[in-house]
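Working notes, structure below.
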Amino acid sequence: MNSRSAGEGLRHVHYLIFLSFALGFLIWGFVSTSGIMTINYFKDYIPPWLLPLSVVIGYVFVVLGDFTMGVLTDRLGRKGIFVYTMSMYTVGLLGMAASLYVKQLVNPMVAFTVFMVSYALAEFGVGGEEPPALAAITELMPSGGRGMMLVLTPNFDNVGAALAAAILYVSLLLTGQASVPSIYVMIGSALVVVFIALIVRLSIPESVKWLEARGKVNEAIEVARREGLEYVLSKGGSNIQLKAPPAWFRALFLSIIGLVQITTYGLMAYTIIYLPSLPFSGNPGLQSLVVLLANLGASIAGLIGFWVDAVGRRPLTLLSYVGGLLTMVPIFLIYAAINTPLRSSLPVFYVLLFLNMAFSEFGWAVRTLLEPELFPTRTRGTWIGMIRLIAWGVYIVLTYYLLSALNTYQYLLVNLILYAIGALASIAWYIWGVETRGVPVSILDEAMG
């Protein structure tokens, strides 16, 4: 039995779904930037060895949220999981703001503890939204516009990070110093977005494909009819033949490109600002500018979502990781091999960073396209969470090690090697991978099961 309640075009409900998840990723950007930059207010009160741990603790809880909520969303639903994630990052954001107030009244270490617990909770919440969001977009959007939405929506993480960094940078320009009020503005802006997201999410439907996968076929058909959603029952409705590589190959490929993209982005857009051998360390103005420019480059590159469905997934994968490697080479040669003082050539570094982060965003786009497309509905969230667990786990270890090693050459060399690994993986997928552009979810479920 087949049922199509809507054509291939986007309807009102699709824009609500897009807005709901875009706001969630926007909040993630605010949380990450607010957390990383707020650490500056405590670094004079904590021992040096604790700084690298403070930086990576947010990432630890992102991956825990990714994995935990990835598993739960396959059991509780895509929409149902947001009750938990939104509660976590709302409480976390309020706690982060309160920690700065506590710092002025109580022992700074007490305030730092409050901040780290709150930051961890907020990161758990925003990380936990990624699997259900990507799964829901894949399952609710028309096949012809799925790729565009899978790229545009997560790009709001970069937009949120850039906006948060811009708020702090403007505050520094106006006051000449990093101010607590600017942190309050960042966190307050995030809380306003949370409130708007809550209102929007009350109006979005549950995933009809998830309902079907859980045996609730009649409810799935009713939701599709009521909301005007494209819906085809699995096991029929298309002549498309798709032969996918084995699950182990798909998981290995996605894990490799995931850890490459997450690690290279995090190391160059955030963690680099704390490397003592570089001029950003201890300079809030330069730190906020690096975060701003890196995420601005990624945000602009994220606009590829408007044409991503016009090209194949495999060519885009190749472009993303080979391009990232080619833009990382001059950064390594200039600032590591030749050892040019970064302080004397900051404008050149900013341009190279901007370009490198643009290709990093292409890599992010490929990940968010392929992770939900390469696994079936019944286990989609679990697989997304598992792959994120692997990728973020490697990133956390590398971040802690490289911040402790304090070596610019080693730091940039690791980035270069990672991009080379990603380029090799993209070539392998171009040769042996499967093209999923425009393939209906019902066919993906059959091929990837």
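The values are calculated or read from the model by the stated rules, or taken from the named source; none is laboratory data. Nothing here was measured: the structure is a model prediction, and the numbers come from that model. In this analysis, Cβ positions are derived from the backbone assuming ideal geometry, glycine residues included, and neighbour counts consider all displayed protein chains.
Taken as a whole, the structure places residue 219 among residues that are over 28 Å from the mean Cα position of the chain (by Cα), at pLDDT 85 or above and of a type in the set (Asp, Glu).
Being touching a residue at least 60 places away in the same chain (Cβ under 8 Å), out of contact with any His (no Cβ under 9 Å at 6 or more places or on another chain) and crowded, with 18+ Cβ neighbours inside 10 Å is a property that residue 346 lacks. Restricting the range 73-89 to residues that are surrounded by fewer than 20 Cβ atoms within 10 Å (Cβ to Cβ) and aliphatic (A, V, I, L, M), the residue that is nearest to residue 281 (Cα to Cα) is 83.
Taking the criterion of being modelled with pLDDT of 90 or more and part of a loop (DSSP other than H, G, I, E, B), the only residue of the range 80-116 that qualifies is 81.
Just one of the listed residues (363, 381) is more than 27 Å from residue 281 (Cα to Cα), at pLDDT 90 or above, surrounded by 23 or more Cβ atoms within 10 Å (Cβ to Cβ) and touching an Asp or Glu at 6+ places or on another chain (Cβ under 7 Å), namely 381. Taking the criterion of being out of contact with any Gly (no Cβ under 9 Å at 6 or more places or on another chain) and not in a helix (DSSP H, G or I), the residues of the range 398-435 that qualify are 406, 407, 433, 434.
The sole residue among 383, 392 that is of a type outside the set (S, T, N, Q), over 24 Å from residue 436 (Cα atoms) and assigned to a helix (DSSP H, G or I) is 392. Do we have residue 240 as modelled with pLDDT of 80 or more, surrounded by fewer than 24 Cβ atoms within 10 Å (Cβ to Cβ) and under 24 Å from residue 377 (Cα atoms) here? Spelling it out, it is not the case that residue 240 is modelled with pLDDT of 80 or more, surrounded by fewer than 24 Cβ atoms within 10 Å (Cβ to Cβ) and under 24 Å from residue 377 (Cα atoms). Checked across the range 398-410, the condition of being of a type in the set (A, V, I, L, M, F, W, C) and modelled with pLDDT of 90 or more holds for no residue. The single condition from (1) in contact with a Phe, Trp or Tyr (Cβ under 6 Å, 6 or more places away or on another chain); (2) surrounded by fewer than 19 Cβ atoms within 10 Å (Cβ to Cβ); (3) aliphatic (A, V, I, L, M) that residue 325 fails is (2). Do we have residue 212 as acidic (Asp, Glu), in a helix (DSSP H, G or I), modelled with pLDDT of 85 or more and touching a helix residue (DSSP H, G or I) at 6+ places or on another chain (Cβ under 6 Å) here? Answer is yes for this residue.
Determine whether the range 96-118 contains at least one residue that is of a type in the set (Gly, Ala, Ser) and within 20 Å of the chain's Cα centre (by Cα).
Restricting attention to the range 96-118, the residues satisfying the condition of being of a type in the set (Gly, Ala, Ser) are 97-99, 111, 118.
Right, trim to within 20 Å of the chain's Cα centre (by Cα) and you get 118.
Scanning the range 96-118 turns up at least one residue that is of a type in the set (Gly, Ala, Ser) and within 20 Å of the chain's Cα centre (by Cα).
For the range 391-415, filtered to residues that are among the aliphatic types (A, V, I, L, M) and surrounded by 20 or more Cβ atoms within 10 Å (Cβ to Cβ), the residue that is nearest to the chain's Cα centre (by Cα) is 391.
When residue 355 is tested against (1) without any contact (Cβ under 8 Å) to a residue 60 or more places away in the chain; (2) loosely packed, with under 15 Cβ neighbours inside 10 Å; (3) not charged (D, E, K, R), just one condition goes unmet, and that condition is (2).
Yes/no matrix, rows are residues, columns are (1) free of Cβ contacts under 8 Å to residues at least 60 places away in the same chain; (2) surrounded by fewer than 23 Cβ atoms within 10 Å (Cβ to Cβ); (3) not in a helix (DSSP H, G or I):
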site: 272; (1), (2), (3): no, no, no
site: 276; (1), (2), (3): no, yes, yes
site: 281; (1), (2), (3): yes, yes, yes
site: 285; (1), (2), (3): no, yes, no
site: 289; (1), (2), (3): no, yes, no
site: 293; (1), (2), (3): no, yes, no
site: 296; (1), (2), (3): no, yes, no
site: 299; (1), (2), (3): no, yes, no
site: 302; (1), (2), (3): no, no, no
